[in-house]
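Here is the structure we will look at, set down as structure tokens.
The values are calculated or read from the model by the stated rules, or taken from the named source; none is laboratory data. Remember, predicted model here, so these are calculated numbers, not experimental data. Here Cβ is always computed from backbone atoms with ideal geometry, including for glycine, and neighbour counts include all displayed protein chains.
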């Protein structure tokens with residue numbers, strides 16, 4: 001399996017619940033390397049650009065409001081098969097359906113307040129990582 005990079009976000013609901021440290025510990029315990037990490041408070045423009053793929057969906061405005069409602073931690077995770085590995089560790093989007101042992105089961109509260117985000121494909125990961133990080137901010141975490 002090849003080493004990949006994926007974007008991960010600890011969303012405002014999890015940051016507000018003081019879950020950043022425990023989530024970072026889970027990331028480390030599961031063999032991910034952090035290639036970049038920062039805390040941000042997304043502007044409406046940043047959130048709308050990031051979620052542009054959902055612009056025509058009825059929940060778009062609520063999603064932008066949610067993601068701009070407080071600080072978030074954005075990071076680039078690196079591991080063999082990082083995209084699938086991170087998505088498996090997160091659990092399904094709806095926290096109420098997330099199996100025990102997943103981050104969304106432990107820290108999520110609902111479909112929207114689901115604690116974390118992760119890229120779903122290599123192309124998405126490339127777009128998402130470049131949305132939040134410039135080249136100089138990313139290190140070789142290998």
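Whether any residue in the stretch 29-38 is touching a helix residue (DSSP H, G or I) at 6+ places or on another chain (Cβ under 8 Å) and part of a helix (DSSP H, G or I) is what I want to check.
No.
Answer yes if at least one residue in the stretch 94-105 is in contact with a strand residue (DSSP E or B) (Cβ under 6 Å, 6 or more places away or on another chain), surrounded by fewer than 21 Cβ atoms within 10 Å (Cβ to Cβ) and within 30 Å of residue 58 (Cβ to Cβ), and no otherwise. Working first, answer last.
So the first thing to find is which residues in the stretch 94-105 are in contact with a strand residue (DSSP E or B) (Cβ under 6 Å, 6 or more places away or on another chain), and the list is 103.
Adding the requirement that they be surrounded by fewer than 21 Cβ atoms within 10 Å (Cβ to Cβ) leaves none.
Looking through the stretch 94-105, none of the residues is in contact with a strand residue (DSSP E or B) (Cβ under 6 Å, 6 or more places away or on another chain), surrounded by fewer than 21 Cβ atoms within 10 Å (Cβ to Cβ) and within 30 Å of residue 58 (Cβ to Cβ).
Matching residues to (1) over 15 Å from residue 115 (Cβ atoms); (2) at pLDDT below 95:
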{"site": "8", "(1), (2)": "no, no"}
{"site": "20", "(1), (2)": "no, no"}
{"site": "29", "(1), (2)": "yes, no"}
{"site": "41", "(1), (2)": "yes, no"}
{"site": "52", "(1), (2)": "yes, yes"}
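Go through the stretch 84-101 and report how many residues are under 14 Å from the mean Cα position of the chain (by Cα) and within 13 Å of residue 27 (Cα to Cα).
So the answer is 6.
Pull up the stretch 1-25, narrow it to residues that are in contact (Cβ under 8 Å) with a residue 60 or more places away in the chain and surrounded by fewer than 18 Cβ atoms within 10 Å (Cβ to Cβ), then point me to the one that is nearest to residue 140 (Cα to Cα).
Let us first name the residues in the stretch 1-25 that are in contact (Cβ under 8 Å) with a residue 60 or more places away in the chain, namely 1-14, 17, 19, 22-23.
With surrounded by fewer than 18 Cβ atoms within 10 Å (Cβ to Cβ) added as a condition, the list becomes 1-3, 17, 22.
On the way: 1: 18, 2: 15, 3: 11, 17: 31, 22: 24 Å.
The selected residue is 3.
Which of the residues that make up the stretch 106-115 are in a helix (DSSP H, G or I) and either out of contact with any strand residue (DSSP E or B) (no Cβ under 9 Å at 6 or more places or on another chain) or farther than 16 Å from residue 9 by Cα (or both)? Steps first, please.
Kept after step one, since they are in a helix (DSSP H, G or I), are these residues of the stretch 106-115: 106-107.
Residue satisfying the conditions is 106 alone.
It is to be established whether one or more residues within the stretch 70-86 are without any contact (Cβ under 8 Å) to a residue 12 or more places away in the chain and either surrounded by 19 or more Cβ atoms within 10 Å (Cβ to Cβ) or farther than 17 Å from residue 23 by Cβ (or both).
Going residue by residue through the stretch 70-86, those that are without any contact (Cβ under 8 Å) to a residue 12 or more places away in the chain are 84.
Next cut, either surrounded by 19 or more Cβ atoms within 10 Å (Cβ to Cβ) or farther than 17 Å from residue 23 by Cβ (or both) only: 84.
Looking through the stretch 70-86, at least one residue is without any contact (Cβ under 8 Å) to a residue 12 or more places away in the chain and either surrounded by 19 or more Cβ atoms within 10 Å (Cβ to Cβ) or farther than 17 Å from residue 23 by Cβ (or both).
Provide a single number: the residues in the stretch 132-142 that are modelled with pLDDT under 95, outside any loop (DSSP other than H, G, I, E, B) and surrounded by 12 or more Cβ atoms within 10 Å (Cβ to Cβ). Can you show your working first?
Restricting attention to the stretch 132-142, the residues satisfying the condition of being modelled with pLDDT under 95 are 134-142.
Now drop any that are not outside any loop (DSSP other than H, G, I, E, B), which leaves 135-137.
From what is left, the residues that are surrounded by 12 or more Cβ atoms within 10 Å (Cβ to Cβ) are 137.
So the count comes out to 1.
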